[in-house]
Structures are given as structure tokens and as C-alpha cells.
Amino acid sequence: MQTTNRLLMVRPVSFSFNEETAVNNAFQNCSQTKEEAAYVERKAIEEFDRYVSLLKCNGVEVVVVQDTPIPFTPDSIFPNNCFSTHCELVNGRNQKVLVIYPMFAPNRRKERQKLVKVLDKMSYDKVIDLTSWESDGKYLEGTGSLILDRDNKIAFACRSPRTNEDVLNKWAEELNYNFFLFDSEDENHVPVYHTNVIMHLGTRYAVVCLESIKDNLQREKLCQLLESKGKQIVPISLDQMHHFAGNMLEVKNDNNEKILVMSQEARLSLNIEQTNLLENDCKIVSPDIHNIENTGGGSARCMIAELF
């Protein structure tokens with residue numbers, strides 16, 4: 001299945017600018033004063049609660065995990081980097097698979113520890129733990145690093161300090177996936193830190209910032225592969241990428257209807273043609289999470305982890 005109707009989200013308690021991730025996340029902005037930081041922390045909780053309510057009102061099941069103040073985990077609101085879940089057919093029966101990922105920032109590993117305790121209670125048939133790669137300085141940050149075509153078992157990933165090819169090879173071997181690795185950078189030639197900033201893959205459409213892929217051959221091969229799997233490409237610009245227009249996720253509601261989740265910032269950046277294409281396929285749900293985006297450098301898709 002490409003999409004699910006069940007999501008996990010983490011309600012923050014200490015959301016703030018994360019210095020450990022800012023070294024390679026150009027989307028983050030630092031609050032300058034204690035007063036501004038306190039305001040951002042308070043607004044993040046408000047934005048989170050409205051986001052969850054919006055999803056539930058549209059028939060999407062949301063499992064909310066409440067973060068704790070100790071240990072300090074400023075990025076806990078972005079759980080999709082810590083783990084992914086999969087439903088794999090093994091010997092004629094479906095198996096629930098949990099993958100746990102190696103994280104670049106040490107304080108993000110602490111949030112992963114909290115989540116694993118929650119996930120352990122969900123009884124997975126198989127657990128793939130890749131965290132030992134951290135000792136080699138090699139990382140793969142979940143569905144931030146990986147854009148999954150679950151139907152065709154292909155992962156798309158842009159190379160970065162947080163997306164290592166060796167770990168990707170091991171991940172693909174464990175889950176019997178193929179993958180397409182490419183290079184992506186912003187207008188300042190800085191590698192994009194996560195693939196889900198530049199790319200979304202749904203059942204019908206692939207939203208991609210093709211401008212960020214400077215290598216003509218890589219760009220052409222990516223387009224050919226997506227089209228060969230029946231995906232219509234919706235290109236977005238670098239400017240739209242900076243408004244998180246690539247950070248979307250298609251989910252289902254309890255009536256099996258398709259919902260496309262993106263932030264209000266992302267939706268407002270789309271032009272009429274792009275919006276019409278996507279709206280003709282899915283209902284768009286777009287929460288206002290401006291403070292979370294501005295401080296955390298992640299958007300609507302980063303805040304939701306799929307439960308298969």
C-alpha cells in the first residue's frame with residue numbers, strides 16, 4: 001500500500017531552535033531572545049494541536065505521543081526521521097516491520113529512544129535496527145531521507161550528510177527495495193539536507209524540485225523512472241521548495257478517500273495549475289504551522305510518521 005489512514009505525531013514540550021541540526025539544515029532560523037524562544041515554544045504547541053484536530057476532522061486517525069521535558073529533545077515534533085513502518089508479505093502472510101534509523105544529531109537520538117519505547121508496545125513481527133551505523137558517522141534519517149514508492153518497492157534519496165549510500169544499501173537489502181540516489185542542492189550550492197524537502201510521491205503524482213538537481217543525466221533518469229511507474233511529475237521551483245512545497249504526504253481517511261497534507265505556507269506557494277492538478281486527485285488539508293517551519297526547518301510531512 002502506498003498510503004495509510006493511521007499516523008503518529010509527537011506533541012512537543014520543549015520545541016526550539018536545534019543548534020545540532022542547524023549545521024546542515026538551511027531552513028532553520030534562530031530566535032534571538034529568550035522572549036522570542038518562549039513565544040515560539042508556546043505557538044508550536046498551539047499549531048500542533050490545531051494540526052491534529054484538522055486531520056481528525058478529515059477522518060484521519062492520529063496517534064498522539066506526548067513528549068517529556070527530560071531528556072531535552074527540541075526536534076521531537078519531527079518523528080518521521082526516527083523510524084518507519086512497513087507491511088511486507090512474507091511466506092504468504094503480512095508482517096509488520098519496524099525500521100529504526102541512525103540520526104545525525106546526538107540530541108535527536110534521545111527522541112528516538114523515547115519513541116522506540118512507544119513502538120515496542122505495537123508488537124512488530126520484525127525490527128530492523130540500523131543505529132549501529134552512527135558509530136561510523138553514517139546516517140539515514142527515515143522518511144526524511146527516503147521517499148518511498150511502496151507499490152513498486154523503490155526508494156528515492158538525495159545524497160547529504162544525513163543520507164549515506166552505505167546505510168541506504170543495507171536498508172534496501174533488508175527490505176528488498178531498489179533505490180535511486182541523486183544529488184540535490186539549493187541556489188547557493190548547499191546540499192539539501194532531506195529528500196522530503198524537494199520531493200513528494202503519491203499514488204498518481206510526483207512533486208519534485210527538478211531545479212535542485214543540477215546534473216542533467218540524474219534529472220533525466222529520475223523523470224524517466226517516475227514516469228515509467230505511472231507518476232505524473234509536478235515540477236516546483238527552488239523558491240517554492242523554500243516555502244516547503246515539496247514537503248507533502250498523501251494519506252487516506254476512514255472512507256478510503258485520498259487526503260494530501262501540506263502546510264498553509266506550501267499551499268499558498270503553489271500556482272493555479274499545480275493546485276488544480278493536485279486538488280483534482282486529492283482533498284488538500286493545509287494547517288498553518290508557520291512558527292514550526294521557521295524555527296525547526298521542517299514542515300507538515302516531517303511532523304507525521306505513517307503507521308502501516
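The values are calculated or read from the model by the stated rules, or taken from the named source; none is laboratory data. Note that the coordinates shown come from a computational prediction; the quantities given were computed from them, not determined experimentally. Glycine also receives a Cβ, built like all others from the backbone with ideal geometry; neighbour counts cover every protein chain displayed. In case anyone asks, the SASA skips ligands and DNA or RNA and just uses the protein heavy atoms, side chains included. Shrake-Rupley method; radii C 1.70, N 1.55, O 1.52, S 1.80 Å.
Being over 21 Å from Gly144 (Cα atoms), modelled with pLDDT of 95 or more and open to solvent by 10 Å² or more (accessible area, probe 1.4 Å) holds for only one residue in Leu238, Leu270, Leu225, Leu210, and it is Leu270. The residues of region 114-171 that are touching a helix residue (DSSP H, G or I) at 6+ places or on another chain (Cβ under 8 Å), outside any strand (DSSP E or B), among the aromatic types (Phe, Trp, Tyr) and within 30 Å of Tyr205 (Cα to Cα) amount to a single one, Tyr139.
Here is the figure for region 172-219: residues that are more than 24 Å from Thr275 (Cα to Cα), assigned to a helix (DSSP H, G or I) and among the acidic types (Asp, Glu) total 2.
Please indicate, with yes or no, whether at least one residue in region 139-157 is crowded, with 20+ Cβ neighbours inside 10 Å and in contact with a Pro (Cβ under 7 Å, 6 or more places away or on another chain). Yes - at least one qualifying residue is present in region 139-157.
When Phe308 is tested against (1) open to solvent by 10 Å² or more (accessible area, probe 1.4 Å); (2) closer than 22 Å to Tyr193 by Cα; (3) in contact with a strand residue (DSSP E or B) (Cβ under 6 Å, 6 or more places away or on another chain), only condition (2) is not met. Considering the conditions (1) open to solvent by 10 Å² or more (accessible area, probe 1.4 Å); (2) closer than 20 Å to Trp171 by Cβ; (3) touching a residue at least 12 places away in the same chain (Cβ under 8 Å); (4) in a strand (DSSP E or B), Arg109 is excluded by exactly one of them, (4). Restricting attention to region 158-204 and to residues that are farther than 23 Å from Glu134 by Cα and of a type in the set (D, E, K, R), the residue that is least open to solvent (accessible area, probe 1.4 Å) turns out to be Asp186. Taking region 121-138 as the range and being open to solvent by less than 20 Å² (accessible area, probe 1.4 Å) and farther than 22 Å from Gly298 by Cβ as the test, only Ile128 passes.
Taken together, the residues in region 42-62 that are open to solvent by 70 Å² or more (accessible area, probe 1.4 Å), touching a residue at least 24 places away in the same chain (Cβ under 8 Å) and more than 14 Å from Met303 (Cβ to Cβ) amount to 1. Looking only at residues in region 63-100 that are free of Cβ contacts under 8 Å to residues at least 60 places away in the same chain and hydrophobic (A, V, I, L, M, F, W, C), the one that is most open to solvent (accessible area, probe 1.4 Å) is Ile70.
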